[in-house]
Amino acid sequence: MKIKKNTVQNVITYLIVIAAFVLCQWLISSGRMTRSLKGQMIPICVYVVMAISLNLVVGISGELSLGHAGFMSIGAFSGAIASAWLLGGFHMENEGIRLLLSMIVGGVFAGIAGVLIGVPVLRLRGDYLAIVTLAFGEIIRNVLNCLYFSLDGSRLHVSFNNPNIPGTILVNGPAGATGIVKIATFTAGFVLILFTLLVVLNLVNSRSGRAIMATRDNRIAAEAMGINVTKYKMMAFVTAAVLAGMAGALYGLNFSAVTASKFKFDTSILVLVFVVLGGIGNIRGSIIAATLLTVLPELLRAFSDYRMLVYAIVLILVMLATNNPSMRSLYARFLPKDKTPAPAKGGTET
Amino acid sequence: MEIGKKRQNTKMVPAPSQGIIPERDLYSSPVLECRHLGIEFGGLKAVEDFNLVIGKTEIAGLIGPNGAGKTTVFNLLTKVYQPTMGTILLNGHDLNALNTVQASALGLARTFQNIRLFGNMTVEDNVRIGLHNQVKYGMFSGIFRLPGYWKGEKEQHEKAMELLSLFEMQDMAGAKAGSLPYGAQRRLEIVRALATNPSLLPLDEPAAGMNPHETEDLMSKIITIRDTFKIAVMLIEHDMNLVMGICEGICVLNYGRIIAKGTPNEIQSNPVVIEAYLGKRKEAQ
Amino acid sequence: MVSFLRFLINGISLGSVYAIIALGYTMVYGIAKMLNFAHGDVIMVGAYIAYCSMQYLGMPAIVSVLAAMLVCTAMGIIIEGLAYRPLRSAPKLAVLITAIGVSYFLQNSALLIWSSNPKVFPSVFDVGAFRAFGGELMITSETILTIVANIVIMIALTTFTGKTKVGKAMRAVSEDRGAAQLMGINVNRTISITFAIGSALAAIAGVLLCSAYPTLQPTTGSMPGIKAFTAAVFGGIGSIPGAMIGGLMLGVIEILGKAYISTELGDAIVFAVLIIVLLFKPAGLLGKPVNEKV
């Protein structure tokens, strides 16, 4: 039975995440994890969530988005502001609740941006859609560079291109969000991954998720079956934006300062690389790829200066090895039929 | 059979017209009425002055040589193309300015000449897509597994299985739609279209690629579908055995225009039709 | 008024550089149907080669440009052969990620060879400046050269694709690869040639870009690369005149936007205009909309 098979697969995915978390916690508490790797724990959680959410757009909904880091930056900035405001304005000392609320705020603002961007973007197709998401990502970064926020008592001040606002500066234009109280925790990251998995996996295996996949597989047939294509593309896009915003808030609250330049086009591409290497539409693959590739530069320290070069070569070789037809037929000979690595399916309509 | 229930929300507007064959028109109002329907592609009239009425529970055939504009008519009906001329009335509703999704909601569900299944999804999920607007529950019910989800999923599963049983396809429910043999894919497309609870079912070459045995089976199935669901079927087909065997009315299209209408017997003996298919006797010499 | 004229000319000059880069993007897209994200980095390599040739070998500018073109052409062919050809029948996204890998590779190689310290690119063609309005309006020789180069390249490419056998083969492959192959066109060779031409153009663009903005770093190529890609989409990707118009418009909008609206938001304005254009012309200014047959 198909439903049962899916459920089993999903349970395995949850178990892998939980096991990894328990293992890492043990390594940390027993002092077996290096400092630098320990510092990577929260970013890994963030990138895992980013990769899963982007996979919802690229793999499940079938639209290539090159601006996912834009939503992350909105989440990071609004989350940082919300956290500072909750602390300064409402004296909310409990860090856990503040982190949760900040992440919700980050998700909400990223979701609003997702709606605003989705309306024009989802009218386009294929590569044109991709380039417009790229453009929006860059616009978000540019606009964030001109924003100034300050907290005066419990009042929040905003200005555009004008640093002269009263109170403590929270967001200082190109210098980004400053003076952030670091409240992000690994456990929060783990919970966020579980939440993301719950949302994405359950959505995919529901009426709405099937409609999203139908629009990906065959737009014209989906319309003929009475499915409102734009509505479901939008649903996937905005859900992904909300999740990316929450991940962004967690990311922002893990540093004392965050600038918009951290969320450049390169970051969007990085997340896309996780998705493609993990297998398009394959959620578990996204988790594994995001984790490995975030840790990989650390592991490549032995190569010192050459590590990014090695990273690039690994990336190219993996793509060639998994997608070249003759390599694929080689795998097919050695592996049982359904175990061959999933081909990266074209995210754009062909 | 619950899925066979007539849709109740469609308003019946009496129209002063009759089916292709008047005596077959069992009800007073037709399911489909096209008046002077036409479309131009950059000056080229692909379909012109297309007038057709299909009665409730009628099985109508649309035939003609290759390139005559048959599929274009289907695309006009389902609003894949917007007609540049004329009117389409479906159960009395004007389809003018509606899109494919809205036309589907009014009771139009088609199959495609080049099969358009959701190939990466299972057979059952394909049917569930057809049931999308029949069994509803919201996105949040789905994500958080609220009671609506469980109820909706159960209902979708039961209906999907019931529909698949029409073509004895229940055993394939878990298979990937793209991996099915050709004939089964065509049958699945019909099941998927039926799941949307249509009142008119346009089938674009349903027997293409089927062997004579499968075609035979399909013919009886089409009649069963008509009788069970009390819907009208409109089909484009090149297999004349099928067309002449089950269609009550036939409409012949050539160069985008209707050249003949009538019963199978009338069409078979119509000299204009023979000429369109075989050319003039003189030329054949 | 004079300042407006100056901005306009600067915009056309910058736009000409974008147009030359965009031509490479558009030709490769048209024929190989892939977004070659490494194209921007080929620009950077071209600029470095020209820089080394002038600075360390003391070669004259023309020879340096030719050397850069030669190296980039060879590099384009090698990249295509090693990284993209094995993925010819692979899904589009796989090729896209490979191109990103190539881009990382080029950037990090440049980082190792030339370090991240910015190099000051020497003035290539300093033969004085053209002055008008009593010296108020000064147009440098680089500006004029860039614009002239753009026009020459444009005419040459249009003639090439329209008149020569190889050019016609390119158009055939871009229209329908399978049919072209059946007609006896060597598809792989045609794609190689396209990459060669695109990379040679990138080398020229690299030199012109660095003459106007003389800081050279391993990341120099990425932003102009993205902008040029935007320009190609803007004009209708796959269309040679489209790339030209798209590039010029983008350059002018960017310079005028920065001058009159906001320096910080210059890039945002460019991208906003792109989005607006695509909403009204979903396939770009000169692109042909593709309708799926039902």
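Would you call residue A:199 touching a residue at least 24 places away in the same chain (Cβ under 8 Å) and either in a helix (DSSP H, G or I) or of a type in the set (A, V, I, L, M) (or both)? Considered against the rule, which asks whether it is touching a residue at least 24 places away in the same chain (Cβ under 8 Å) and either in a helix (DSSP H, G or I) or of a type in the set (A, V, I, L, M) (or both), residue A:199 comes out as yes. The number of residues in the range B:94-113 that are more than 8 Å from every other protein chain (Cβ to nearest Cβ) and either farther than 16 Å from residue B:202 by Cβ or without any contact (Cβ under 8 Å) to a residue 24 or more places away in the chain (or both) comes to 6.
Quick one: is residue A:243 farther than 20 Å from residue A:104 by Cβ, of a type outside the set (Lys, Arg), modelled with pLDDT of 90 or more and buried (at least 24 other Cβ atoms within 10 Å of the Cβ)? Here the answer is no, as residue A:243 does not meet what is asked.
Per-residue answers, yes or no, for (1) among the aromatic types (Phe, Trp, Tyr); (2) closer than 23 Å to residue C:187 by Cα:
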{"site": "C:7", "(1), (2)": "yes, no"}
{"site": "C:17", "(1), (2)": "no, no"}
{"site": "C:23", "(1), (2)": "no, yes"}
{"site": "C:28", "(1), (2)": "no, yes"}
{"site": "C:45", "(1), (2)": "no, no"}
{"site": "C:51", "(1), (2)": "yes, no"}
{"site": "C:73", "(1), (2)": "no, yes"}
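Within the range C:157-182, the set of residues being loosely packed, with under 11 Cβ neighbours inside 10 Å and among the hydrophobic types (A, V, I, L, M, F, W, C) comprises just one member, C:182. As a summary of the residue check, residue C:79 satisfies the conditions (1) within 14 Å of chain A (Cβ to nearest Cβ); (2) β-branched (Val, Ile, Thr); (3) loosely packed, with under 15 Cβ neighbours inside 10 Å except for the one numbered (3).
For residue A:129, state whether it is within 14 Å of chain C (Cβ to nearest Cβ) and surrounded by fewer than 23 Cβ atoms within 10 Å (Cβ to Cβ). No, not satisfied. Scoring residue C:93 on the criteria (1) away from chain A (no Cβ under 13 Å); (2) modelled with pLDDT under 85; (3) in a helix (DSSP H, G or I) leaves a single failure, condition (1). For residue B:227, are the conditions met, namely being more than 13 Å from chain A (Cβ to nearest Cβ), more than 20 Å from residue B:113 (Cα to Cα) and in a helix (DSSP H, G or I)? Criteria met by residue B:227. Is it the case, given these coordinates, that residue A:327 is facing chain C (nearest Cβ under 10 Å), in a helix (DSSP H, G or I) and crowded, with 20+ Cβ neighbours inside 10 Å? Taking the combined requirement at face value, the residue does not satisfy it. The residues in the range B:114-132 that are more than 7 Å from chain A (Cβ to nearest Cβ), surrounded by 22 or more Cβ atoms within 10 Å (Cβ to Cβ) and more than 14 Å from residue B:176 (Cβ to Cβ) can be counted, and the count is 1. Put simply, of C:170, C:183 the only residue that is farther than 30 Å from residue C:279 by Cβ and in contact with a Phe, Trp or Tyr (Cβ under 9 Å, 6 or more places away or on another chain) is C:170.
The rows are residues; the columns are (1) free of Cβ contacts under 8 Å to residues at least 40 places away in the same chain; (2) in a strand (DSSP E or B).
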| site | (1), (2) |
| --- | --- |
| B:174 | no, no |
| B:191 | no, no |
| B:194 | no, no |
| B:209 | yes, no |
| B:233 | no, yes |
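Annotation note: Cβ proximity below 8 Å between a residue of the range C:48-73 that is over 11 Å from residue C:204 (Cα atoms) and a residue that is of a type in the set (Phe, Trp, Tyr) (sequence gap 6+ or interchain) occurs for C:48/C:114; C:51/C:121; C:61/C:125.
Of all the numbered requirements in (1) within 14 Å of chain B (Cβ to nearest Cβ); (2) under 20 Å from the mean Cα position of the chain (by Cα), residue A:114 misses one, and that requirement is (1). Helices (runs of 4 or more DSSP H) fully within the range B:80-170 that include at least 3 residues being β-branched (Val, Ile, Thr) and outside the structural domain of residue B:31 (by TED's automatic domain parsing): B:123-130.
Residue selection: residue A:242 satisfies the criterion of being closer than 17 Å to residue A:189 by Cα and either among the basic types (Lys, Arg) or within 13 Å of chain B (Cβ to nearest Cβ) (or both). Residues in the range A:195-231 that are of a type in the set (D, E, K, R) and more than 7 Å from chain B (Cβ to nearest Cβ) were compared, and the one that is farthest from residue B:119 (Cα to Cα) is A:231. Can you find a residue that is touching a residue at least 60 places away in the same chain (Cβ under 8 Å) and either surrounded by fewer than 19 Cβ atoms within 10 Å (Cβ to Cβ) or not hydrophobic (A, V, I, L, M, F, W, C) (or both) anywhere in the range A:158-166? No, the conditions are met nowhere in the range A:158-166. Among the helices (runs of 4 or more DSSP H) confined to the range C:163-278, the ones with at least 3 residues that are within 14 Å of chain A (Cβ to nearest Cβ) are located at C:222-235, C:240-260.
Condition check ((1) modelled with pLDDT of 80 or more; (2) surrounded by 19 or more Cβ atoms within 10 Å (Cβ to Cβ); (3) within 14 Å of chain C (Cβ to nearest Cβ)) across all residues:
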residue	(1), (2), (3)
A:273	yes, yes, yes
A:286	yes, yes, yes
A:294	yes, yes, no
A:305	no, no, yes
A:317	yes, no, yes
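Taken over the range A:29-49, residues that are under 24 Å from residue A:248 (Cβ atoms) and surrounded by fewer than 15 Cβ atoms within 10 Å (Cβ to Cβ) amount to 3.
The values are calculated or read from the model by the stated rules, or taken from the named source; none is laboratory data. Keep in mind it's a predicted model, so treat the numbers as computed, not measured. No Cβ is skipped: glycine too gets one built from the backbone with ideal geometry, and neighbour counts run over all protein chains shown.
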